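Participant: One structure follows; several queries about it will come next.
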Amino acid sequence: MIRIKVPATTANIGPGYDVLGAALSLYACFDAELSDSLHIEGCPEEYRNEDNLFIRSYKKALDMSGRAYIPISLKEETEVPIARGLGSSSTCIVGGIMAANELHGLGLSKEDMVSLATSIEGHPDNVAPAIYGGVVAGFSEGGRVYCTGYCCDGEWRFVTLIPDYEVRTEDARRVVKKDIGLADSIYTTGHVTGLLRALETGDEELLSAACRDILHEPYRRELIPDYGKARELAVSGGAAAFFISGSGSTMMAAVKQGDREQRILEEFKQAFPGHRTLSLSICSEGAERMETR
Ligand code: HSE
(Lines give C-alpha, C1' and ligand atoms only; values in the text may rest on other atoms or scores of the structure.)
Protein backbone atom coordinates (compact mmCIF):
# COMPACT_ATOMS: atom_id res chain seq x y z
CA MET A 1 0.00 0.00 0.00
CA ILE A 2 1.19 3.49 -0.73
CA ARG A 3 0.14 6.83 0.79
CA ILE A 4 0.28 10.01 -1.26
CA LYS A 5 -0.03 13.45 0.28
CA VAL A 6 -0.94 16.36 -2.01
CA PRO A 7 -1.17 20.02 -0.92
CA ALA A 8 -4.13 22.27 -1.66
CA THR A 9 -3.30 25.18 -3.94
CA THR A 10 -4.40 28.73 -4.59
CA ALA A 11 -4.38 29.61 -8.29
CA ASN A 12 -4.05 33.05 -9.93
CA ILE A 13 -3.01 35.03 -6.78
CA GLY A 14 -4.67 38.11 -8.26
CA PRO A 15 -3.26 39.02 -11.70
CA GLY A 16 -1.61 35.64 -12.50
CA TYR A 17 -4.74 34.25 -14.17
CA ASP A 18 -4.21 30.63 -15.33
CA VAL A 19 -0.44 31.03 -14.81
CA LEU A 20 0.49 31.48 -11.16
CA GLY A 21 -0.27 29.35 -8.13
CA ALA A 22 1.01 28.36 -4.70
CA ALA A 23 0.90 25.19 -2.60
CA LEU A 24 -0.76 25.66 0.80
CA SER A 25 -0.53 24.07 4.24
CA LEU A 26 -3.77 22.11 3.77
CA TYR A 27 -3.66 18.54 2.48
CA ALA A 28 -5.36 15.59 0.83
CA CYS A 29 -4.08 12.07 1.56
CA PHE A 30 -4.73 9.04 -0.62
CA ASP A 31 -3.99 5.42 0.36
CA ALA A 32 -3.90 3.15 -2.68
CA GLU A 33 -3.09 -0.47 -3.41
CA LEU A 34 -3.57 -2.78 -6.38
CA SER A 35 -6.75 -4.81 -6.11
CA ASP A 36 -8.99 -7.27 -8.02
CA SER A 37 -11.73 -4.68 -8.36
CA LEU A 38 -12.20 -0.96 -7.89
CA HIS A 39 -12.97 0.03 -4.32
CA ILE A 40 -13.19 3.64 -3.12
CA GLU A 41 -13.88 4.98 0.35
CA GLY A 42 -13.70 8.35 2.09
CA CYS A 43 -15.69 10.36 -0.44
CA PRO A 44 -19.38 10.88 -1.24
CA GLU A 45 -21.16 7.93 -2.92
CA GLU A 46 -21.42 9.78 -6.26
CA TYR A 47 -17.62 9.70 -6.64
CA ARG A 48 -17.15 6.01 -5.82
CA ASN A 49 -16.90 4.81 -9.42
CA GLU A 50 -14.71 4.79 -12.53
CA ASP A 51 -15.61 8.42 -13.15
CA ASN A 52 -13.71 9.51 -10.03
CA LEU A 53 -11.09 12.07 -11.09
CA PHE A 54 -8.33 10.27 -9.19
CA ILE A 55 -9.16 7.03 -11.02
CA ARG A 56 -9.43 8.75 -14.43
CA SER A 57 -6.01 10.34 -13.88
CA TYR A 58 -4.52 7.02 -12.68
CA LYS A 59 -5.81 5.38 -15.86
CA LYS A 60 -4.48 8.18 -18.10
CA ALA A 61 -1.00 7.82 -16.64
CA LEU A 62 -1.11 4.06 -17.33
CA ASP A 63 -2.45 4.63 -20.85
CA MET A 64 0.22 7.19 -21.62
CA SER A 65 2.88 4.71 -20.48
CA GLY A 66 1.38 1.84 -22.51
CA ARG A 67 0.43 -0.14 -19.40
CA ALA A 68 -2.74 -2.14 -18.82
CA TYR A 69 -5.24 -0.89 -16.23
CA ILE A 70 -5.23 -2.73 -12.91
CA PRO A 71 -7.96 -1.64 -10.45
CA ILE A 72 -7.05 -0.19 -7.07
CA SER A 73 -8.45 0.05 -3.63
CA LEU A 74 -8.46 3.73 -2.70
CA LYS A 75 -9.05 5.54 0.57
CA GLU A 76 -9.30 9.32 0.49
CA GLU A 77 -8.83 11.58 3.51
CA THR A 78 -8.93 15.23 2.64
CA GLU A 79 -8.93 18.61 4.34
CA VAL A 80 -9.44 20.34 0.98
CA PRO A 81 -13.05 21.40 0.38
CA ILE A 82 -14.62 20.46 -2.96
CA ALA A 83 -15.41 23.21 -5.50
CA ARG A 84 -14.23 26.14 -3.39
CA GLY A 85 -11.18 27.27 -5.38
CA LEU A 86 -8.52 25.48 -3.32
CA GLY A 87 -7.42 22.96 -5.93
CA SER A 88 -9.39 19.90 -4.78
CA SER A 89 -9.56 18.63 -8.41
CA SER A 90 -5.81 19.02 -8.70
CA THR A 91 -5.21 16.98 -5.56
CA CYS A 92 -7.15 14.12 -7.23
CA ILE A 93 -5.41 14.49 -10.61
CA VAL A 94 -1.94 14.69 -9.10
CA GLY A 95 -2.71 11.89 -6.61
CA GLY A 96 -3.96 9.57 -9.37
CA ILE A 97 -0.93 10.17 -11.60
CA MET A 98 1.49 9.70 -8.70
CA ALA A 99 -0.29 6.52 -7.59
CA ALA A 100 0.13 5.07 -11.09
CA ASN A 101 3.77 6.14 -11.14
CA GLU A 102 4.52 4.57 -7.76
CA LEU A 103 2.39 1.41 -7.97
CA HIS A 104 3.53 0.54 -11.51
CA GLY A 105 7.06 1.97 -11.51
CA LEU A 106 6.34 4.15 -14.55
CA GLY A 107 9.41 6.31 -14.00
CA LEU A 108 7.57 9.57 -14.72
CA SER A 109 9.51 12.71 -13.81
CA LYS A 110 7.83 15.72 -12.17
CA GLU A 111 7.93 17.42 -15.56
CA ASP A 112 6.09 14.46 -17.16
CA MET A 113 3.51 14.54 -14.37
CA VAL A 114 2.92 18.29 -14.74
CA SER A 115 2.41 17.89 -18.52
CA LEU A 116 -0.09 15.09 -18.08
CA ALA A 117 -1.86 16.83 -15.18
CA THR A 118 -2.08 20.07 -17.18
CA SER A 119 -3.61 18.23 -20.13
CA ILE A 120 -6.30 16.89 -17.78
CA GLU A 121 -6.93 20.14 -15.87
CA GLY A 122 -6.53 22.55 -18.81
CA HIS A 123 -4.12 24.97 -17.14
CA PRO A 124 -1.04 24.48 -14.93
CA ASP A 125 -1.69 26.95 -12.10
CA ASN A 126 -3.06 24.41 -9.59
CA VAL A 127 -1.34 21.19 -10.68
CA ALA A 128 2.19 22.66 -10.98
CA PRO A 129 2.43 23.94 -7.39
CA ALA A 130 0.68 20.77 -6.19
CA ILE A 131 3.55 18.78 -7.74
CA TYR A 132 6.53 21.10 -7.10
CA GLY A 133 5.40 22.91 -3.92
CA GLY A 134 5.94 26.63 -3.25
CA VAL A 135 5.02 29.42 -5.66
CA VAL A 136 5.09 28.29 -9.30
CA ALA A 137 4.34 29.90 -12.66
CA GLY A 138 3.60 27.71 -15.65
CA PHE A 139 3.05 28.23 -19.35
CA SER A 140 2.82 26.03 -22.46
CA GLU A 141 5.06 26.51 -25.44
CA GLY A 142 5.77 24.18 -28.33
CA GLY A 143 3.71 21.38 -26.79
CA ARG A 144 5.63 21.53 -23.52
CA VAL A 145 4.70 22.96 -20.11
CA TYR A 146 7.45 25.12 -18.62
CA CYS A 147 7.35 25.74 -14.86
CA THR A 148 9.38 28.19 -12.84
CA GLY A 149 9.48 28.23 -9.05
CA TYR A 150 9.83 31.37 -6.91
CA CYS A 151 11.01 31.99 -3.37
CA CYS A 152 8.44 33.16 -0.88
CA ASP A 153 9.08 35.03 2.36
CA GLY A 154 8.20 32.63 5.21
CA GLU A 155 6.21 35.27 7.10
CA TRP A 156 3.37 35.54 4.59
CA ARG A 157 0.07 34.20 5.84
CA PHE A 158 -3.09 33.78 3.81
CA VAL A 159 -6.11 34.34 6.00
CA THR A 160 -8.68 32.24 4.21
CA LEU A 161 -12.45 32.53 4.14
CA ILE A 162 -14.17 29.45 2.68
CA PRO A 163 -17.88 30.19 2.10
CA ASP A 164 -20.49 27.51 2.69
CA TYR A 165 -21.49 27.84 -0.98
CA GLU A 166 -19.61 26.90 -4.11
CA VAL A 167 -18.93 28.79 -7.33
CA ARG A 168 -18.86 26.41 -10.28
CA THR A 169 -15.59 26.79 -12.18
CA GLU A 170 -17.43 26.72 -15.51
CA ASP A 171 -19.60 29.67 -14.40
CA ALA A 172 -16.55 31.52 -13.10
CA ARG A 173 -14.77 30.99 -16.43
CA ARG A 174 -17.80 31.95 -18.50
CA VAL A 175 -18.06 35.44 -16.97
CA VAL A 176 -14.44 36.34 -17.72
CA LYS A 177 -13.96 38.63 -20.74
CA LYS A 178 -12.26 36.60 -23.51
CA ASP A 179 -10.57 39.38 -25.50
CA ILE A 180 -8.36 41.94 -23.85
CA GLY A 181 -6.41 44.81 -25.31
CA LEU A 182 -2.75 45.77 -25.24
CA ALA A 183 -3.12 48.11 -22.25
CA ASP A 184 -4.65 45.32 -20.13
CA SER A 185 -1.87 42.91 -21.17
CA ILE A 186 0.81 45.42 -20.19
CA TYR A 187 -0.96 46.14 -16.88
CA THR A 188 -1.10 42.41 -16.09
CA THR A 189 2.50 41.57 -17.04
CA GLY A 190 3.78 44.43 -14.90
CA HIS A 191 1.64 43.49 -11.92
CA VAL A 192 2.58 39.78 -12.03
CA THR A 193 6.26 40.69 -12.12
CA GLY A 194 5.90 42.98 -9.09
CA LEU A 195 3.78 40.40 -7.28
CA LEU A 196 6.47 37.72 -7.56
CA ARG A 197 9.09 40.06 -6.14
CA ALA A 198 6.75 41.10 -3.30
CA LEU A 199 6.10 37.47 -2.37
CA GLU A 200 9.82 36.78 -2.39
CA THR A 201 10.93 39.80 -0.36
CA GLY A 202 7.93 40.16 1.96
CA ASP A 203 7.37 43.74 0.75
CA GLU A 204 3.80 44.52 1.83
CA GLU A 205 3.58 47.87 0.07
CA LEU A 206 4.68 46.29 -3.22
CA LEU A 207 2.23 43.40 -2.79
CA SER A 208 -0.56 45.85 -2.14
CA ALA A 209 0.17 47.66 -5.42
CA ALA A 210 0.91 44.54 -7.49
CA CYS A 211 -1.87 42.19 -6.36
CA ARG A 212 -4.55 43.89 -8.45
CA ASP A 213 -6.33 42.08 -11.20
CA ILE A 214 -8.35 43.31 -14.14
CA LEU A 215 -8.77 40.00 -16.00
CA HIS A 216 -11.13 37.98 -13.82
CA GLU A 217 -11.80 39.39 -10.36
CA PRO A 218 -14.02 42.31 -11.47
CA TYR A 219 -16.38 39.77 -13.07
CA ARG A 220 -16.10 36.97 -10.54
CA ARG A 221 -16.71 39.11 -7.46
CA GLU A 222 -20.32 39.34 -8.65
CA LEU A 223 -20.64 35.56 -8.14
CA ILE A 224 -19.50 35.76 -4.50
CA PRO A 225 -22.08 37.57 -2.33
CA ASP A 226 -19.63 38.02 0.58
CA TYR A 227 -16.79 39.47 -1.51
CA GLY A 228 -17.44 43.15 -0.65
CA LYS A 229 -17.78 42.65 3.11
CA ALA A 230 -14.79 40.28 3.28
CA ARG A 231 -12.58 42.70 1.30
CA GLU A 232 -13.60 45.58 3.58
CA LEU A 233 -12.65 43.58 6.69
CA ALA A 234 -9.34 42.46 5.18
CA VAL A 235 -8.37 46.00 4.16
CA SER A 236 -9.43 47.61 7.45
CA GLY A 237 -7.61 44.81 9.30
CA GLY A 238 -4.35 45.76 7.55
CA ALA A 239 -4.03 43.07 4.87
CA ALA A 240 -1.48 43.80 2.15
CA ALA A 241 -3.76 42.20 -0.47
CA PHE A 242 -7.10 40.50 -0.87
CA PHE A 243 -7.98 38.13 -3.72
CA ILE A 244 -10.24 35.33 -4.87
CA SER A 245 -8.58 31.92 -4.58
CA GLY A 246 -8.72 30.16 -7.96
CA SER A 247 -12.21 30.51 -9.39
CA GLY A 248 -13.74 31.02 -5.90
CA SER A 249 -15.71 30.96 -3.75
CA THR A 250 -12.78 31.06 -1.30
CA MET A 251 -11.18 34.46 -0.66
CA MET A 252 -7.82 35.25 0.92
CA ALA A 253 -6.20 38.15 2.73
CA ALA A 254 -2.41 38.19 2.44
CA VAL A 255 -0.69 39.56 5.53
CA LYS A 256 2.49 38.99 7.53
CA GLN A 257 2.09 36.61 10.48
CA GLY A 258 1.24 38.29 13.79
CA ASP A 259 -1.41 40.56 15.26
CA ARG A 260 -3.00 41.66 11.98
CA GLU A 261 -3.24 38.05 10.84
CA GLN A 262 -5.08 37.13 14.07
CA ARG A 263 -7.30 40.19 13.88
CA ILE A 264 -8.47 39.48 10.33
CA LEU A 265 -9.03 35.82 11.19
CA GLU A 266 -11.16 36.84 14.17
CA GLU A 267 -13.13 39.42 12.15
CA PHE A 268 -13.84 36.84 9.41
CA LYS A 269 -15.05 34.38 12.08
CA GLN A 270 -17.36 36.91 13.68
CA ALA A 271 -18.76 38.29 10.42
CA PHE A 272 -19.24 34.89 8.75
CA PRO A 273 -20.04 32.31 11.46
CA GLY A 274 -21.35 29.81 8.86
CA HIS A 275 -18.15 29.85 6.78
CA ARG A 276 -14.83 28.15 7.45
CA THR A 277 -11.82 30.32 8.34
CA LEU A 278 -8.18 29.31 8.37
CA SER A 279 -4.79 30.95 8.33
CA LEU A 280 -2.60 29.12 5.82
CA SER A 281 1.04 29.40 4.88
CA ILE A 282 2.89 28.40 1.73
CA CYS A 283 3.88 24.73 1.66
CA SER A 284 7.32 24.37 0.11
CA GLU A 285 6.92 20.63 -0.54
CA GLY A 286 4.89 19.31 -3.44
CA ALA A 287 3.02 16.00 -3.56
CA GLU A 288 4.96 13.18 -1.95
CA ARG A 289 4.81 9.52 -1.16
CA MET A 290 4.67 9.06 2.59
CA GLU A 291 6.02 6.17 4.59
CA THR A 292 3.34 3.62 5.50
CA ARG A 293 3.53 1.02 8.23
N1 HSE B 1 -6.99 29.57 -13.16
C2 HSE B 1 -8.21 28.84 -12.96
C3 HSE B 1 -9.36 29.83 -12.93
C4 HSE B 1 -8.13 28.10 -11.65
O5 HSE B 1 -9.22 30.86 -12.28
O6 HSE B 1 -10.38 29.59 -13.56
C7 HSE B 1 -9.38 27.32 -11.34
O8 HSE B 1 -9.49 26.18 -12.12
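The values are calculated or read from the model by the stated rules, or taken from the named source; none is laboratory data. This structure is a prediction, so every number in the text was calculated from the model and none was measured. Note: ideal-geometry Cβ built from the backbone for every residue, glycine included; neighbour counts use all protein chains shown.
Participant: Which one of these is more than 14 Å from the chain's Cα centre (by Cα) and touching a residue at least 12 places away in the same chain (Cβ under 8 Å): G42, G87?
Facilitator: On the way: G87 fails: more than 14 Å from the chain's Cα centre (by Cα).
None of the other options fit; the residue is G42.
Participant: Taking the condition crowded, with 16+ Cβ neighbours inside 10 Å, within 18 Å of the chain's Cα centre (by Cα) and within 28 Å of Y17 (Cβ to Cβ), does F272 pass? Steps first, please.
Facilitator: Values: crowded, with 16+ Cβ neighbours inside 10 Å: yes; within 18 Å of the chain's Cα centre (by Cα): no; within 28 Å of Y17 (Cβ to Cβ): yes.
Answer is no for this residue.
Participant: Follow-up question, since we're still on this one. Six or more apart or on different chains, Cβ atoms under 7 Å: show the pairs whose first residue is in the range 275-289 and touching a residue at least 40 places away in the same chain (Cβ under 8 Å) and surrounded by fewer than 16 Cβ atoms within 10 Å (Cβ to Cβ) and whose second is part of a loop (DSSP other than H, G, I, E, B) and not β-branched (V, I, T).
Facilitator: As it stands, the answer is E285/G133, since those pairs meet every condition given.
Participant: Would you call S279 within 17 Å of G238 (Cα to Cα) and among the hydroxyl-bearing types (S, T, Y)? Show your work before the answer.
Facilitator: Details: within 17 Å of G238 (Cα to Cα): yes; among the hydroxyl-bearing types (S, T, Y): yes.
Judged against the criteria, S279 is a match.
Participant: Take M113 and decide whether it is of a type in the set (A, V, I, L, M, F, W, C), more than 16 Å from the ligand (Cβ to nearest atom), surrounded by 24 or more Cβ atoms within 10 Å (Cβ to Cβ) and over 11 Å from the mean Cα position of the chain (by Cα).
Facilitator: Details: of a type in the set (A, V, I, L, M, F, W, C): yes; more than 16 Å from the ligand (Cβ to nearest atom): yes; surrounded by 24 or more Cβ atoms within 10 Å (Cβ to Cβ): yes; over 11 Å from the mean Cα position of the chain (by Cα): yes.
The answer is yes for M113.
Participant: Working carefully through the options I93, I97, find the one that is in contact with a helix residue (DSSP H, G or I) (Cβ under 6 Å, 6 or more places away or on another chain), within 16 Å of the ligand (Cβ to nearest atom) and of a type outside the set (G, A, S).
Facilitator: Values: I97 fails: within 16 Å of the ligand (Cβ to nearest atom).
Criteria check complete, one pass: I93.
Participant: Consider V19 against the criteria (1) among the β-branched types (V, I, T); (2) away from the ligand (no atom under 16 Å from the Cβ); (3) over 19 Å from E288 (Cα atoms); (4) touching a Phe, Trp or Tyr at 6+ places or on another chain (Cβ under 9 Å): it satisfies all of them except one. Which criterion is unmet?
Facilitator: (2)
Participant: Go through the range 66-90 and give me each residue that's in contact with a helix residue (DSSP H, G or I) (Cβ under 8 Å, 6 or more places away or on another chain), more than 21 Å from P124 (Cα to Cα) and of a type in the set (G, A, S).
Facilitator: A68
Participant: Oh, and also: So which helices (runs of 4 or more DSSP H) are wholly in the range 158-276 and hold at least 3 residues that are away from the ligand (no atom under 16 Å from the Cβ) and over 20 Å from P129 (Cβ atoms)? If you could, list the steps in order and put the result at the bottom.
Facilitator: Working: elements: 169-174, 182-201, 204-210, 217-220, 227-236, 259-271.
In the range 158-276, the matching helices (runs of 4 or more DSSP H) lie at 182-201, 204-210, 227-236, 259-271.
Participant: Report whether or not S37 is farther than 17 Å from M251 by Cα and in a strand (DSSP E or B). Please lay out each step first, then the result.
Facilitator: Values: farther than 17 Å from M251 by Cα: yes; in a strand (DSSP E or B): no.
Here the answer is no, as S37 does not meet what is asked.
Participant: Out of Q262, Q270, Q257, I need the residue that is touching an Asp or Glu at 6+ places or on another chain (Cβ under 6 Å), of a type in the set (S, T, N, Q) and modelled with pLDDT of 95 or more. Which one? Spell out how you get there, then give the answer.
Facilitator: Numbers: Q262 fails: touching an Asp or Glu at 6+ places or on another chain (Cβ under 6 Å); Q270 fails: touching an Asp or Glu at 6+ places or on another chain (Cβ under 6 Å).
Answer to the check: Q257.
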